[in-house]
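Presented below is the structure to which this report refers.
The values are calculated or read from the model by the stated rules, or taken from the named source; none is laboratory data. As the structure is a computational prediction, the values presented were derived from the model and not from experiment. Cβ placement follows ideal geometry from the backbone for every residue including glycine, while neighbour counts extend to all protein chains displayed.
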């Protein structure tokens, strides 16, 4: 998703800005996850359009900065027997034998948006012994295969907060 350079809107979505608070709604979230320097030939994080940059919103710190994120991963491979299942297993997130459909890892990673090396990405760092995900199929992809799950628990919490804000605004009318 592209936005005007240094702005929160003005790109792919002309009138829907990046979310900047947990009580804001009608806004967008976007990021490309990396845990290392972004290669110049990376498939994500770079914009080829002059005056545009890739949007990075940290769902755990919408106002900026870094914060721990909450991950949720399926306890079994997605679409077993397919290429995507094999690829997501190569990322290296362990799948312990559990009876639940999902495994939650609160605060397993610290996340913060970075604009280093002409790339706008969500940089993550493992916390408290969390596994370091591997870039699959290579570094040019970053951690794209974990983009959704790496912050899914944080996103669930954010949607609940935004829903309460929306309901409060509409009840007042």
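A few comments on the model shown:
- Residues in segment 132-152 that are at pLDDT below 95, surrounded by fewer than 16 Cβ atoms within 10 Å (Cβ to Cβ) and under 17 Å from the mean Cα position of the chain (by Cα): 132, 148.
Residue-by-condition table, conditions (1) touching a strand residue (DSSP E or B) at 6+ places or on another chain (Cβ under 6 Å); (2) in a loop (DSSP other than H, G, I, E, B); (3) modelled with pLDDT of 90 or more:
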position	(1), (2), (3)
99	no, yes, yes
117	no, no, no
128	no, yes, yes
154	yes, no, yes
162	no, no, yes
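- Taken together, the residues in segment 63-74 that are in contact with a strand residue (DSSP E or B) (Cβ under 8 Å, 6 or more places away or on another chain) and either surrounded by fewer than 21 Cβ atoms within 10 Å (Cβ to Cβ) or part of a loop (DSSP other than H, G, I, E, B) (or both) amount to 8.
- Filtered residues of segment 85-97 (kept if over 12 Å from residue 146 (Cα atoms) and either under 19 Å from the mean Cα position of the chain (by Cα) or part of a loop (DSSP other than H, G, I, E, B) (or both)): 94, 95, 96, 97
- Filtering segment 43-54 to residues that are in contact with a strand residue (DSSP E or B) (Cβ under 8 Å, 6 or more places away or on another chain) and part of a loop (DSSP other than H, G, I, E, B) leaves 44, 45, 46, 47, 49, 51.
- Among (1) surrounded by 13 or more Cβ atoms within 10 Å (Cβ to Cβ); (2) at pLDDT 95 or above, the one test that residue 52 misses: (2)
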